[in-house]
1. Working only within segment 218-242, note down all residues that are open to solvent by less than 50 Å² (accessible area, probe 1.4 Å), out of contact with any His (no Cβ under 6 Å at 6 or more places or on another chain), not hydrophobic (A, V, I, L, M, F, W, C) and not in a helix (DSSP H, G or I).
2. Go through segment 115-161 and give me each residue that's β-branched (V, I, T) and either closer than 16 Å to W184 by Cβ or open to solvent by less than 30 Å² (accessible area, probe 1.4 Å) (or both).
3. Do we have Q164 as open to solvent by 70 Å² or more (accessible area, probe 1.4 Å) and not in a loop (DSSP other than H, G, I, E, B) here?
4. Kindly list the number of the only condition in (1) under 27 Å from L130 (Cα atoms); (2) open to solvent by less than 60 Å² (accessible area, probe 1.4 Å) that fails for L261.
5. Within segment 177-212, can you find the residues that are open to solvent by less than 60 Å² (accessible area, probe 1.4 Å) and hydroxyl-bearing (S, T, Y)?
6. Kindly establish whether G248 is surrounded by fewer than 13 Cβ atoms within 10 Å (Cβ to Cβ) and either out of contact with any helix residue (DSSP H, G or I) (no Cβ under 9 Å at 6 or more places or on another chain) or in a loop (DSSP other than H, G, I, E, B) (or both).
7. Quick one: would you say V215 is open to solvent by 30 Å² or more (accessible area, probe 1.4 Å), in a helix (DSSP H, G or I) and aliphatic (A, V, I, L, M)?
Amino acid sequence: MPRHPLLSLRQLCHVIVVILYCISFVIPLVESLSTRLPPTKRPRRYGNSSCTKIQRGRISWHRHSKSRFPCCPAAATCIRLTNNDVDENTELRFLKDVTAVWTKYTDYGDLPYESALRALKAYHEVHGNLVIPRGFIVPSRDEYPPEWHGAKLSRHIYNMKWWQKHIAQHSHRVAQLNQLGFVWERLQPEWNLFMESLVYYSSMYGNVMVPSSFVIPHEDERWPKAIWGYPLGNVVYRVRFRNDFLLGENAVERKNQLDGLE
């Protein structure tokens, strides 16, 4: 004999009443706990890969992801202010103070020639030459201009744009750089440096099967100074598996140059 439908409906009503009764106790408890916790806000971020954090009256430097706020020579200085310790007026005032120094330049190549010359002289006094490793980063020391601190010196100095802007129309500066041992052969397209490195490797080892970890050694007179420290193995790997340098209008010509070495 089937059960009466009112029995199941009555049981359902009892369940709903019990649930509502429990909720009436839980909601006030959650509200009381939430009032005891301090309010939190997500920190506001400005800038690029480096930023300044103000927290509890202290300033420290750290890194985070890139953004669109170019407030230093390489668009690399920015500010992050935490929520409860600094008000908005202090935040804006500190932002203006920091960016006032750096917003004049958007790239290290835009820095004055005299500033770059001081950085080169400082490097020369320590190392005795200007064969600057590609990974060399200017240390935060007094002998280097502060605007160059943290920059990859060779990337911005051995650069055709820097040469055209600061050297091409100023012949007297060539003599200044020659006295320091400036390596003019490094002022050429990256493809030319790659091919020169590969030709020298082929002549020494009889093949172009370059290990991916191979880097042309420094202070080895068998290699031209222009390619000391060149990561030949890594570049060969990228050419083989990613077709770096082999796209565009010069692709066929460059492939023929590589075929001539094999």
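1. Of everything in segment 218-242, those that are open to solvent by less than 50 Å² (accessible area, probe 1.4 Å), out of contact with any His (no Cβ under 6 Å at 6 or more places or on another chain), not hydrophobic (A, V, I, L, M, F, W, C) and not in a helix (DSSP H, G or I) turn out to be D220, P224, Y230, P231.
2. Residues satisfying the conditions are V131, I132, V138, I157.
3. yes
4. If we test L261 against (1) under 27 Å from L130 (Cα atoms); (2) open to solvent by less than 60 Å² (accessible area, probe 1.4 Å), just (1) comes out false.
5. Those that are open to solvent by less than 60 Å² (accessible area, probe 1.4 Å) and hydroxyl-bearing (S, T, Y): S197, Y201, S202.
6. yes
7. For V215, the condition - open to solvent by 30 Å² or more (accessible area, probe 1.4 Å), in a helix (DSSP H, G or I) and aliphatic (A, V, I, L, M) - is not met.
The values are calculated or read from the model by the stated rules, or taken from the named source; none is laboratory data. The model shown is predicted, which means the values in this text are computed figures rather than measured ones. A quick note on method: Cβ atoms are made from the backbone with ideal geometry, for glycine too, and the neighbour counts reach across all protein chains shown. These area figures cover heavy atoms from the full protein model, side chains too; ligands, DNA and RNA do not enter into them. Shrake-Rupley method; radii C 1.70, N 1.55, O 1.52, S 1.80 Å.
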